[in-house]
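The values are calculated or read from the model by the stated rules, or taken from the named source; none is laboratory data. Given the structure is predicted, the values throughout are model-derived calculations rather than measurements. Cβ atoms come from the backbone with ideal geometry, glycine included; neighbour counts cover every protein chain shown. Quick note on the areas: whole protein, heavy atoms, side chains included, nothing else; ligands and nucleic acids left out. Shrake-Rupley method; radii C 1.70, N 1.55, O 1.52, S 1.80 Å.
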Amino acid sequence: MHGGASTGWLLMALCAVSGAYCLLRTRTGTPQERRTARSEALMGFGMAAMAVPAAVLSPPAWSWAVYAVLFGAAALRALRPALRGGHHLHHLVGSLAMVYMAVAMAPAVARSGGGGHAGHGA
């Protein structure tokens with residue numbers, strides 16, 4: 001994330017609130033609506049975790065692999081509904097984008113021993 005720590009905290013808070021709202025939506029609606037809300041909550045909380053400013057919390061070197069596996073599984077889960085109808089294609093694209101971001105963290109983690117933000121410099 002480029003920018004100051006306050007920007008990182010605001011982005012993290014926005015993503016966490018979005019995830020919490022989607023989690024609340026899982027209590028009502030049809031089974032398909034609840035499934036969609038769970039997918040969106042996972043995405044919101046994952047983005048919040050990735051947006052934590054590196055000065056506060058440097059994730060372990062293996063964190064990128066956990067993110068990649070988690071969102072890879074979410075992408076596989078989103079594949080069937082996306083192929084049946086284009087309406088949920090954004091879940092597949094979003095999950096694949098999260099996998100890409102997690103894998104992009106790997107070189108920075110390997111170089112610095114810190115989080116994916118460490119490769120950005122000060």
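Run through the stretch 1-69 and list the chymotrypsin sites (Phe, Trp or Tyr not before Pro) located in a DSSP loop whose Cβ has at most 13 other Cβ atoms within 10 Å. Show your work: numbers first, answer last.
On the way: sites: Trp9, Tyr21, Phe45, Trp62, Trp64, Tyr67; in loops: Trp62.
Here the chymotrypsin sites (Phe, Trp or Tyr not before Pro) that fit, given the DSSP loop and packing criteria, are Trp62.
Highest mean packing comes first when the peptides 34-44, 72-82 are listed by Cβ atoms within 10 Å, giving 34-44, 72-82.
Could you provide, to the nearest whole Å², the per residue accessible area of the stretch 1-96 with probe 1.4 Å? Present the calculation step by step, with values, prior to reporting the outcome.
Working: 5940 Å² over 96 residues.
Heavy-atom accessible area per residue stands at 62 Å².
Taking all protein chains as shown and a probe of 1.4 angstrom, Leu10 keeps an accessible surface of around 120 Å².
For the stretch 21-99, the spread of Cα coordinates along the three principal axes comes to 41, 26, 14 Å, biggest extent given first.
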